[in-house]
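J.: Structure below; questions to follow.
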Amino acid sequence: MRHRLLACIAIVAAAVSTARAQQVQPEIFTLDNGMKFLLYPRTEQPNIIAAGWVAKVGSANERPGITGISHFFEHMMFKGTNTIGTSDAARDAQFRSEQDRLRRELLTLQLTEQYKRYKDGEIQDPWDPAQDTEQMRAIRTQLDQSIQAERDVTVKNEFDRVYTSEGASGMNAFTNNDMTFYFINVPSNKLELWAWMESDRLYDSVFREFYAERDVVHEERRMRTESTPTGIFQEQFESMFWMSHPYNWPVIGWPSDLNSYTMEDAQNYFDTYYRPNNIVGVIVGDFDPAQAKSLINTYFGRLERGPEPPKVVTLEHKQQAEMRMNAECDCQPQVEVRYHTVPFGHADEAALTVMSELLNGRTGRLYKNLVEGKEIASSAFAQNNNMKYAGYFAFSAETKGDAAPIDLERAWYEELKKLQTELVSDRELQKVKNQSAADVYRSLQNNFFIMLQLGYYEAQGGWEYINNMPRAIQAVTADDVQRVANAYFSETNRAVATFNRKAGSTEDPDFAAMKAALPAEMAAMAPMIKQQIESQLASATLDELMQAQAETQAQMAQMPAEMKPVMEFALKKIAKRIAELKAAENN
Amino acid sequence: MNRIHTCTITAALVMAAAASLTSAAIPPRPEQIKYAELVFEPPMSEDYRHEINVNGVSVPVYMAPSHEFPLVSISFSFKGGAYLEPADKVGLASMTGQMMRRGGTESVSPTDMDELFDFYAANAGTFVGSTQAGASLNSLTSNLDQTFALFMDMVRNPGFDQKKIDLYKSEAVEGMKQRNDDANSIASREWDAIMWGRDHFEARVTTETTLNNITRADLIAFHDKLFNPNNLIISVTGDFEPSEMSARLEKALSGWASGQRMPDPPAPTHELEPGVYHVEKDVPQGKVTFGHRGLKRDDPDAIPVAIMNDILGGGGFTSRIMNRVRSDEGLAYGAGSFFASKVWYPGEFGVTYASKSATVPYALRVAMEEINKMRTEPVTEEELMTAKNQAIETFPRTFESKDGMLSVFVGDEWTNRDPSYWTTYRDKVRAVSQDDVLRVARQYLDPANVAILIVGKWEDIYKGNTEIAADPSKVTTMADFFDGHAEELPLRDPLTQKPLPKN
């Protein structure tokens, strides 16, 4: 076995050198209005084109009061234009302006009267429609009527229908902290349809169904954040971690803000950020670049260049002390330890990525030592995330058996210490590099995924990353890994979130009570005690159990105080087991 | 075949490009754009199908090489799955699948196996699902000899290391503990039980007891039964030459004892009981699934039903349920319907959405109205054209990647699908009429006999939008369904699946 292991090193090293040569070279085509296109023809997947465009704007460009507007705006972009989505553009505009007027009246009442009632302690939630005043109720009814009436001139989801009936598929978009990305697949003879539809919504966007869509986003928030086991806590942790940077509000927005933006806010936002000079288009697949350039000229050339959008000014302020959040939820006990690191494109990004890969995977250190070795984790992984303006490195893990989040946290610090004090071996480093090299090929096998990568990297700072990062990873040394492990992972630069299962959920309450009552030095033995007691009970007969119960009760008085919790635990278990066996006899 | 078509298309595109350079006018509507014709004929499985001989058994091998990257992807597909495990050992099938990859081989330790695959940067995996099992390898061409040898050792002689079995079991218990954390996972388990019955393999759940009943000997026996060359179809894509690959496979499989081909999965005996069911969970949204049994994959009505469902709720933003529940009313982020067909017995029809507690009943009413409308009025010509065009125009995507194409061929061979299905598919779609849609809606949608499952805060859900509806005509409560009758399903202990007492 050992022989085969050694022999393979030379072979794989050879493979890596071919991987290193892999290059993606899209043609760059920039219009006079500043809109840049990346064109990457590829014949391996015939008959299909993946196309998208990315606006270099996300929640980081927002401000308090309009948080979530980037994401909300993404929803609005599917509502059509004066051509798509309405049978009567003029009447539709009247309805929209009427609704905007009513909504502003309502908003004024909300922010004055309802906020006052809320501050006075009269109502719990100023946005709860059940707390509406008479006047508000009347406006809401009018608003509802106007929305109903607008339906007569609305052509529902026409944007989607046009694409769908022409065989386009996978139409969607996403918003994150740094960008808003819109994408689709079209049959290879229908690139012009994409150019028509996308340039139309950039040229002539209207904010239709503005108010009903807000309810949809509220439902999205309820679904993603509020109804998932850890969603609301992840949101809080994120908000705590970013002290000053606008990454500290959620992409979906705070609920109060979501209720508050007006069409005017949306229009200002559009005029500022959705200009061709702030947008990049990406086309990958079975197409002819000459024809694509001609279409791009015709369709996107009509968009008007805007002033340079404002820059994000606020930097993340240097963290001064450890931050900690303790949550209780219906979830597997878990921990996250997170550190401020570097933004996208920083010189240390590759070494931090290698560090995370050394920890991850079936032969990575976390699996080997926490999941196997110590058997305290059911899962554990590291993540190096470099966003446009700032980055972080996170360790996270879920517990196993009776291990607690604190055990996982300590084990992580041990792993970290090793990375800080010992150089990684050549073989371990080479393994990570081999995987990175092979994964480059794997990531370039699908048009849609190539399109997403090019657009994503371009919005973060430059598409060339797709070629540069794999090269940078091959160049990382063991010294580099040790250096970054020391540079970014101090106690004062970390935030820790622990999640414990809410009492009354599935953890054995008797066991929890025993563990809590034991002196600290004995608490660690609790799992062992539990296991011993349970295994004895499992094989005992009813008579033996009754006898044990009597004896334990008799001994109780003579036991030292610190042993009492164990005896009580044993008695509870014996009583339960007796009840079970009796019930079984009766059946 | 494909390559030739791509060339003609490219030529047509160049001509179109030349034309558009001379006149750069933008048509007022997207429907007015003129497109070059895209000619596509589906690939025929027989053009990719080969056979190799293993001890007198001929094993089908589908091959589609491509030399874009120095990677080879080999996939072994076996018939069989969880339906073959005994009721007191639920979990055996999936554990066998996992442990083949994790438990080493008879001569290579688990650690050495992991290290080798990882160091060679190969992705290797094994699985046993509910009706299919498989093993796959994705490797750099340069070290295929080594990775493939280890892969074959894993498939033929898995070691099932006892320590790794113990670790797997303890991890599985941790996974079980999370069963009630997410409302969606509660909903999906209970829905399967309502649909198929708790004893059917589609709905059976591994418990701590059934897990502990499984021994190493069970894994070995289950592996030996399923993973044999008489129960195997192979597919290969990537950087290789077919004749060389056939020889390589024949050599690697030689001497592998042939066993039995596995039987078809059993049909459920359970009858769906219409009514309202709810499970208590403290979340701000009610998770709703409702529906009934559907039809078989090869049913002659399957295509018209798919078109009908696309219009009703399967087509995303172009479908009626999404339009009304999300776009008109803002009641949910996502809402839709599905017909999940099954090969061996009728599948299921269902509608799903999640809405804040107060609007769960109103959204239910809206969805029911749409189902009733589907059964009473013909769909519009425009809706029908949208659904049909989409099915026809996206058809080439089924075969767009070589992996995807071969997995269609393998699936078809396992399930005896007539190869003419693909050559006639678009004609069958074109033939669907408004009358057909109305007919199948009446035949296959039965809103009076649905089972409705709701996971959430029942007290808030039951009283509906009484307090918040601005329009009194929209007020809806759960009393409006099945005369207000509802059965509370208990939350189940995550480890034993026995009902938990109410809090």
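J.: Looking only at residues in region A:195-212 that are more than 7 Å from every other protein chain (Cβ to nearest Cβ), closer than 21 Å to A:T154 by Cβ and in contact with a Ser or Thr (Cβ under 8 Å, 6 or more places away or on another chain), which one is surrounded by the most Cβ atoms within 10 Å (Cβ to Cβ)?
T.: Among them, the one singled out is A:R208.
Yes or no, residue by residue, for (1) under 30 Å from A:E336 (Cα atoms); (2) within 8 Å of another protein chain (Cβ to nearest Cβ):
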{"site": "A:V155", "(1), (2)": "no, no"}
{"site": "A:N189", "(1), (2)": "no, yes"}
{"site": "A:L193", "(1), (2)": "no, yes"}
{"site": "A:D215", "(1), (2)": "no, yes"}
{"site": "A:T225", "(1), (2)": "yes, no"}
{"site": "A:E235", "(1), (2)": "yes, no"}
{"site": "A:E238", "(1), (2)": "yes, no"}
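J.: Across region B:142-162, what is the total count of residues that are out of contact with any strand residue (DSSP E or B) (no Cβ under 6 Å at 6 or more places or on another chain) and part of a helix (DSSP H, G or I)?
T.: Number satisfying all stated conditions: 10.
J.: Moving on to the next point. Count, please, the residues in region A:162-180 that happen to be without any contact (Cβ under 8 Å) to a residue 40 or more places away in the chain, surrounded by fewer than 22 Cβ atoms within 10 Å (Cβ to Cβ) and either facing chain B (nearest Cβ under 9 Å) or in a loop (DSSP other than H, G, I, E, B) (or both).
T.: 3
J.: Something else about it: Can you tell me how many residues within region A:2-58 are buried (at least 20 other Cβ atoms within 10 Å of the Cβ), among the β-branched types (V, I, T) and modelled with pLDDT of 95 or more?
T.: Number satisfying all stated conditions: 3.
J.: Something else about it: State all residues of region B:391-446 that are surrounded by 18 or more Cβ atoms within 10 Å (Cβ to Cβ), under 30 Å from B:P378 (Cα atoms) and under 23 Å from the mean Cα position of the chain (by Cα); if no residue qualifies, say none.
T.: Listed by number, the residues that qualify are B:A391, B:E393, B:T394, B:F395, B:P396, B:W422, B:V429, B:Y444, B:L445.
J.: What are the residues in region A:411-463 that are among the charged types (D, E, K, R) and either away from chain B (no Cβ under 14 Å) or touching a helix residue (DSSP H, G or I) at 6+ places or on another chain (Cβ under 6 Å) (or both), if any?
T.: A:E414, A:E415, A:K417, A:K418, A:E422, A:K431, A:K433, A:E458, listed by residue number.
J.: Another question about this same structure. For the subset of region B:174-186 comprising residues that are facing chain A (nearest Cβ under 8 Å) and assigned to a helix (DSSP H, G or I), which member is farthest from B:T206 (Cα to Cα)?
T.: Top of the filtered list is B:A183.
J.: Any chance you could count how many residues in region B:159-189 are touching a Leu at 6+ places or on another chain (Cβ under 8 Å) and of a type outside the set (G, A, S)?
T.: Final tally of qualifying residues: 8.
J.: Is it the case that B:I461 is surrounded by 16 or more Cβ atoms within 10 Å (Cβ to Cβ), assigned to a helix (DSSP H, G or I), in contact (Cβ under 8 Å) with a residue 12 or more places away in the chain and of a type in the set (V, I, T)?
T.: Against the criterion (surrounded by 16 or more Cβ atoms within 10 Å (Cβ to Cβ), assigned to a helix (DSSP H, G or I), in contact (Cβ under 8 Å) with a residue 12 or more places away in the chain and of a type in the set (V, I, T)), B:I461 qualifies.
J.: Residues in region A:312-360 that are in contact (Cβ under 8 Å) with a residue 40 or more places away in the chain, more than 20 Å from the chain's Cα centre (by Cα) and in a loop (DSSP other than H, G, I, E, B): how many?
T.: Number of matching residues: 11.
J.: So B:T105 ticks every box in (1) surrounded by fewer than 21 Cβ atoms within 10 Å (Cβ to Cβ); (2) more than 29 Å from the chain's Cα centre (by Cα); (3) of a type outside the set (D, E) but one. Which box is left unticked?
T.: Failed condition: (1).
J.: Answer with yes or no whether A:A475 is in contact (Cβ under 8 Å) with a residue 12 or more places away in the chain, of a type in the set (A, V, I, L, M) and within 30 Å of A:C329 (Cβ to Cβ).
T.: no
J.: Among the residues of region B:46-80, write down those that are within 24 Å of the chain's Cα centre (by Cα) and farther than 30 Å from B:A121 by Cβ.
T.: Hits for region B:46-80 are B:K79, B:G80.
J.: If I ask for residues that are more than 14 Å from every other protein chain (Cβ to nearest Cβ) and either free of Cβ contacts under 8 Å to residues at least 60 places away in the same chain or under 30 Å from A:W463 (Cβ atoms) (or both), which ones from region A:69-104 would you list?
T.: A:I69, A:S70, A:F73, A:A90, A:Q94, A:F95, A:S97, A:E98, A:R101
J.: Which residue is farthest from A:N47 (Cα to Cα), if the candidates are limited to region B:9-49 and must be at pLDDT below 60 and facing another protein chain (nearest Cβ under 7 Å)?
T.: Top of the filtered list is B:L21.
J.: Oh, and also: What residue, among those in region B:50-89 that are within 14 Å of another protein chain (Cβ to nearest Cβ) and part of a strand (DSSP E or B), is surrounded by the fewest Cβ atoms within 10 Å (Cβ to Cβ)?
T.: Among those residues, the one meeting the criterion is B:P65.
J.: Another question about this same structure. Quick check on my filter: what residues within region A:133-144 are within 10 Å of chain B (Cβ to nearest Cβ), polar (S, T, N, Q) and loosely packed, with under 15 Cβ neighbours inside 10 Å?
T.: Answer for region A:133-144, where residues must be within 10 Å of chain B (Cβ to nearest Cβ), polar (S, T, N, Q) and loosely packed, with under 15 Cβ neighbours inside 10 Å: just A:T141.
J.: What's the number of the condition A:S244 fails, among (1) more than 14 Å from chain B (Cβ to nearest Cβ); (2) small (G, A, S); (3) not in a loop (DSSP other than H, G, I, E, B)?
T.: Just one mismatch for A:S244, condition (3).
J.: Moving to a separate point now. In region B:391-410, which residues are out of contact with any strand residue (DSSP E or B) (no Cβ under 8 Å at 6 or more places or on another chain) and of a type outside the set (A, V, I, L, M, F, W, C)?
T.: Within region B:391-410, B:T398, B:S401, B:G404 qualify.
For (1) buried (at least 21 other Cβ atoms within 10 Å of the Cβ); (2) of a type outside the set (F, W, Y), each residue gets a yes or a no:
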site: A:A394; (1), (2): no, yes
site: A:L408; (1), (2): yes, yes
site: A:Y413; (1), (2): no, no
site: A:K417; (1), (2): no, yes
site: A:Q430; (1), (2): no, yes
site: A:S436; (1), (2): yes, yes
site: A:N447; (1), (2): yes, yes
site: A:M451; (1), (2): yes, yes
site: A:E458; (1), (2): yes, yes
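J.: Find the residue count for region A:78-91, including only residues that are within 15 Å of A:N157 (Cβ to Cβ) and surrounded by 14 or more Cβ atoms within 10 Å (Cβ to Cβ).
T.: 8
J.: So how many residues does region A:64-116 have that are among the hydrophobic types (A, V, I, L, M, F, W, C) and not in a helix (DSSP H, G or I)?
T.: Here the count works out to 4.
J.: So, one more: Among the numbered conditions (1) out of contact with any His (no Cβ under 9 Å at 6 or more places or on another chain); (2) within 14 Å of chain B (Cβ to nearest Cβ), tell me where A:N259 comes up short.
T.: (1)
J.: If you don't mind, another one. Give A:V251, A:V280, A:V216 a once-over and let me know the one that is under 26 Å from A:Y389 (Cα atoms), hydrophobic (A, V, I, L, M, F, W, C), touching a residue at least 40 places away in the same chain (Cβ under 8 Å) and not in a strand (DSSP E or B).
T.: So the residue among A:V251, A:V280, A:V216 that is under 26 Å from A:Y389 (Cα atoms), hydrophobic (A, V, I, L, M, F, W, C), touching a residue at least 40 places away in the same chain (Cβ under 8 Å) and not in a strand (DSSP E or B) is A:V251.
J.: Here is a further query. Counting just the residues of region A:317-343 that are under 18 Å from A:S239 (Cα atoms) and of a type in the set (D, E, K, R), which one comes out surrounded by the most Cβ atoms within 10 Å (Cβ to Cβ)?
T.: Taking the candidates together, the pick is A:E336.
J.: Against the conditions (1) assigned to a loop (DSSP other than H, G, I, E, B); (2) touching a Phe, Trp or Tyr at 6+ places or on another chain (Cβ under 8 Å); (3) over 30 Å from A:M325 (Cβ atoms), where does A:V424 fall short? Just the number, please.
T.: Only one criterion in (1) assigned to a loop (DSSP other than H, G, I, E, B); (2) touching a Phe, Trp or Tyr at 6+ places or on another chain (Cβ under 8 Å); (3) over 30 Å from A:M325 (Cβ atoms) is unmet by A:V424, namely (2).
The values are calculated or read from the model by the stated rules, or taken from the named source; none is laboratory data. The shown structure was predicted, so the numbers you read here are calculated from the model rather than taken from an experiment. Methodologically, a virtual Cβ is constructed for each residue, glycine included, from the backbone with ideal geometry; neighbour enumeration extends over all protein chains shown.
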